[in-house]
Amino acid sequence: MGLKETISGDLKAAMKAKDKLRLETIRSIKKAILEKEVSVRPSGREELTEAEEMELLVKQAKQRRDSIAQYRKAQRDDLVERESAELAIIETYLPQALSEEELSQAIDEIIERVGALSAKDLGKVMGPAMQALKGRADGAKVQQMVKAKLSS
């Protein structure tokens, strides 16, 4: 079952359970999927690929994380709580995030594969790293870890 079908099923379940927050969050995901599908129609496709769906979910999660950071700066704990709850719902559709150790191993393998030797090779590593780790690790965390490994 694809993401779109899963979302539709979860939307119905949230309606029946009268879970307002979950319902609103799932509706926003569904809206984003439909908008993306409309944007790819001129290329002759009707549906999104799994990679495009994953990219869309990652973008939704990143937007929530950015909002949380902004709301914390503004000391709006009520909004931080809401965005955190929405983020948790979105993360249920993303693949399991990598642990620190798994992420470190994956980055080591990528550094070895591309032959990076110093901090100058950051760009050489980041492209393949983000491709391989998309949806399973935060980009800022990946970049921070790659910088640390290349500078040592």
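The values are calculated or read from the model by the stated rules, or taken from the named source; none is laboratory data. All of these numbers come straight from a predicted model, not from anything done at the bench. Positions of Cβ are backbone-derived with ideal geometry, glycine not excepted, and every protein chain shown enters the neighbour counts.
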Residue match in segment 92-102 (condition: within 23 Å of residue 55 (Cα to Cα) and assigned to a helix (DSSP H, G or I)): yes
Just to verify a result, which residue in segment 48-60, among those that are closer than 13 Å to residue 30 by Cα and of a type outside the set (A, V, I, L, M, F, W, C), is farthest from the chain's Cα centre (by Cα)? 53
If we keep only residues of segment 117-152 that are touching a Lys or Arg at 6+ places or on another chain (Cβ under 9 Å), within 15 Å of residue 105 (Cα to Cα) and not β-branched (Val, Ile, Thr), then the residue surrounded by the fewest Cβ atoms within 10 Å (Cβ to Cβ) is 128
If I ask for residues that are farther than 19 Å from residue 133 by Cα, part of a helix (DSSP H, G or I) and either in the same structural domain as residue 130 (by TED's automatic domain parsing) or at pLDDT below 90 (or both), which ones from segment 43-76 would you list? 43
All but one of (1) of a type in the set (Asp, Glu); (2) at pLDDT 95 or above; (3) more than 16 Å from residue 138 (Cβ to Cβ) hold for residue 83; state the number of the condition that does not hold. (3)
How about segment 103-128: which of its residues are of a type in the set (S, T, N, Q) and in a loop (DSSP other than H, G, I, E, B)? 118
In segment 63-77, which residue that is surrounded by fewer than 13 Cβ atoms within 10 Å (Cβ to Cβ) and among the charged types (D, E, K, R) is nearest to residue 139 (Cα to Cα)? 66
